[in-house]
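To start, the structure itself, in structure tokens.
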């Protein structure tokens with residue numbers, strides 16, 4: 001701890017301070033909340049809602065401006081869902097997959113583009129909501145629930161039959177998959193975003209000017225890719241649950 | 001750098017805080033996300049999706065309409081062309097007919113005229129022949145009379161029978 005305080009004391013730039021694993025706690029009843037995560041996530045939600053309002057405020061047959069942009073986003077999401085889930089079933093899942101993509105994308109980019117650290121809060125620092133493990137695990141668990149829901153709704157209890165397909169020997173592996181899916185989803189996102197922010201922070205700590213810029217640009221790229229990967233995988237899991245093995249139609 | 005990782009690990013192991021500090025943030029974040037999904041569904045996915053679908057329907061409908069109209073126009077054009085060809089053929093037939101008629105008339109009239117001319121010439125020739133014959137007869141009579149007179153004059157009337 002002495003080393004850390006010594007390190008930060010010598011800092012000229014307050015921006016370059018590095019805080020990991022500290023949280024700005026809010027207490028509600030017996031529960032602890034990470035305030036900094038909620039503050040930035042509200043910002044992200046606000047951005048998305050305002051963008052949606054702007055896009056749909058005055059719907060035109062020939063889209064322009066914001067409507068055009070958001071229609072482009074929607075078509076992108078629809079194509080993503082259609083590719084993974086299939087033409088017939090994708091429509092009800094567009095909101096889930098789309099919200100996953102938009103929320104993670106805007107959250108990641110807000111972390112990479114907005115100098116949150118300028119805004120001081122009593123403890124910790126503001127950053128992308130996705131660099132908190134709680135957020136990513138929440139999203140990953142929702143994805144798990146979503147594909148279980150999709151499977152059971154489509155095939156009822158017959159969904160459980162997929163655990164012994166193609167042979168009952170694979171039962172443990174099939175069960176294990178249900179745990180590894182959310183685990184890998186959440187840790188991939190969490191690790192990438194946190195690592196990106198850490199690398200940028202450490203580089204800024206060492207060389208405050210120019211040198212971190214390429215890494216920041218790379219961070220933007222990673223952020224976008226991670227949002228795409230999360231949404232694509234979620235859609236793929238849902239599609240897999242819907243598809244089944246027994247009643248596969250060959251078209 | 002190693003110092004940092006050690007520090008991170010030390011902090012993560014602490015009783016409160018750390019990288020893997022799960023608490024009520026997780027369920028609340030999930031609820032918040034679901035709420036965001038519902039809100040965005042009402043504000044974004046549904047209206048914009050409807051707009052896109054309506055536009056697709058509109059364009060498809062227009063396209064089908066236009067295709068139908070184009071087909072109709074092509075059909076009418078071919079019909080016109082057919083009618084034009086028919087009319088032209090008819091006109092040509094009429095012209096040919098008229099020409100043939102005219103030719104026929106000319107030929108008959110020329111033949112008639114030639115016949116008439118021929119007849120008239122023959123009649124005239126016959127008349128001339130008749131008159132010539134008459135004239136010869138008359139002349140012969142005259143010659144007879146004259147020669148008799150000459151004989152009478154020369155030989156005397158008693159010698160002449």
Residue under evaluation residue A:200, criteria (1) in contact with a helix residue (DSSP H, G or I) (Cβ under 6 Å, 6 or more places away or on another chain); (2) farther than 20 Å from residue A:117 by Cβ; (3) more than 12 Å from chain B (Cβ to nearest Cβ), criterion not met: (2)
Scanning segment A:49-72 residue by residue, those under 26 Å from residue B:29 (Cα atoms) and more than 9 Å from chain B (Cβ to nearest Cβ) turn out to be A:50, A:54
Can you tell me which of A:118, A:44, A:106 is within 25 Å of residue A:215 (Cα to Cα) and over 20 Å from the mean Cα position of the chain (by Cα)? A:118
Name the residues in segment A:146-176 that are surrounded by fewer than 13 Cβ atoms within 10 Å (Cβ to Cβ) and either within 14 Å of chain B (Cβ to nearest Cβ) or under 22 Å from residue A:95 (Cβ atoms) (or both), would you? A:153
Residue in segment A:109-145 that is nearest to residue A:239 (Cα to Cα), counting only those that are surrounded by fewer than 16 Cβ atoms within 10 Å (Cβ to Cβ) and away from chain B (no Cβ under 13 Å): A:113
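Conditions tested, residue by residue: (1) at negative phi; (2) modelled with pLDDT of 90 or more; (3) at the interface with chain A (Cβ under 8 Å from one of its Cβ atoms).
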site	(1), (2), (3)
B:7	yes, no, yes
B:15	yes, no, no
B:19	yes, no, yes
B:26	yes, no, yes
B:35	yes, yes, no
B:41	yes, yes, yes
B:64	yes, yes, no
Please find, among A:189, A:220, A:242, the residue that is closer than 29 Å to residue A:145 by Cα and at pLDDT 90 or above. A:189
Just to be sure before I move on: is residue A:134 touching a strand residue (DSSP E or B) at 6+ places or on another chain (Cβ under 9 Å) and at pLDDT 85 or above in the structure I sent? yes
In this structure, does residue A:212 turn out to be surrounded by fewer than 16 Cβ atoms within 10 Å (Cβ to Cβ) and more than 24 Å from residue B:24 (Cα to Cα)? no
If we scan segment A:31-43, do we find a residue that is more than 10 Å from every other protein chain (Cβ to nearest Cβ), surrounded by fewer than 22 Cβ atoms within 10 Å (Cβ to Cβ), assigned to a helix (DSSP H, G or I) and in contact (Cβ under 8 Å) with a residue 40 or more places away in the chain? yes
Of all residues in segment A:2-22, count the ones that are touching a helix residue (DSSP H, G or I) at 6+ places or on another chain (Cβ under 7 Å) and either in a loop (DSSP other than H, G, I, E, B) or modelled with pLDDT of 80 or more (or both). 4
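The values are calculated or read from the model by the stated rules, or taken from the named source; none is laboratory data. Since we're looking at a predicted model, the values are computed, not measured. Virtual Cβ from ideal backbone geometry, glycine too; neighbours counted across all protein chains shown.
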